[in-house]
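Contents: one structure, followed by commentary.
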Amino acid sequence: MSFSVSVIKLLEDVEPSLRKVLIGILEEIERQREASVTKKEFNELKEIVRELAEAQKRTEQRLTRLEKVVEELAEAQKRTEEELRKLAGEHRKTREQLGGLAHTVGYVLEDRAYRGLPELLKRDFGIKVITPLTREYIEVSPNKYEEINIIGRGRKNGKKVLIVGECKSQLKKGDIDAFLRLMKRAEGVLDEEKILLAVTYQAPPPVRSYAKEKGIKIYFSYEMPL
């Protein structure tokens, strides 16, 4: 143990027997002071350790909650994916059913056209239909076939003409353009004089004007006999 210079000088002036007692007292005081500092530091360290343990516990609790949330999200995503899969299946079935219905409606319209057009063509163009109007495929190039909704032959002023038509439930400009492109591809096969027509349930005025401009006669379902 070490004492300050001032303390040592004071002790030199004290009788040996008393100096010994004083030194013992000072040593005990120093031991008590060191023990007190050590205990205080230990308590501080213990408090730090306790706080760290509490922080770790809170972190573990948050991680546990986070893991639970992640599991719940994964389950929710799994259920969502399953629902989407079911919806996709139902959507596919609905589209198939609607596609089948559209085909059915289209075929009904075509069938009415086959029966009703001969009279209308005679009225409007003076054409006598000489072969049944029907649905047919034509080979526009080797092994490549195109479907024609309405096709048949007629006679106008003693001259044969080819009757070619398109059936659409709701006629659009795009349908007219597609039909004209088909006629372009079929030029090498259908090289006779043609009467082009379209049969539909409805067509807005701009579409009617566009069809007339392109040389296509529109007939509506209500003009056909049932």
task = Please turn the phi angles of the range 192-203 into ³J(HN,Hα) values with the Karplus equation 6.51 cos²θ - 1.76 cosθ + 1.60 (θ = phi - 60°), one per residue in order, whole Hz, x for glycine and proline.
result = 7, 5, 10, 9, 9, 8, 9, 10, 8, 7, 7, 8
message = Would the range 116-223 count as rounded, prolate or oblate if I go by the C-alpha gyration tensor, calling it rounded below 1.5 in a/c and otherwise prolate when a/b exceeds b/c, oblate otherwise?
response = oblate
note = Treating only Lys and Arg (+1) and Asp and Glu (-1) as charged, each at its beta carbon, one finds that the range 116-223 has a dipole about its Cα centre, in Debye to the nearest 20, of 320
note = Amide H proximity to Ile218 below 5 Å, modelled H, separation 5+ or other chain, gives Ala198
query = Going down the list Lys128/Lys172; Lys122/Lys144; Lys86/Lys168; Lys122/Lys173; Lys168/Lys217; Lys128/Lys194, which pairs span over 25 Å between their C-alpha atoms?
reply = Lys128/Lys172; Lys122/Lys144; Lys86/Lys168; Lys122/Lys173
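Read-outs throughout are calculated quantities, based only on the coordinates presented, and are distinct from any laboratory measurement. Predicted model, so just to flag it, every value in this text is computed and none were measured. So basically every Cβ, Gly included, is an ideal-geometry build from the backbone, and we count neighbours across all protein chains shown.
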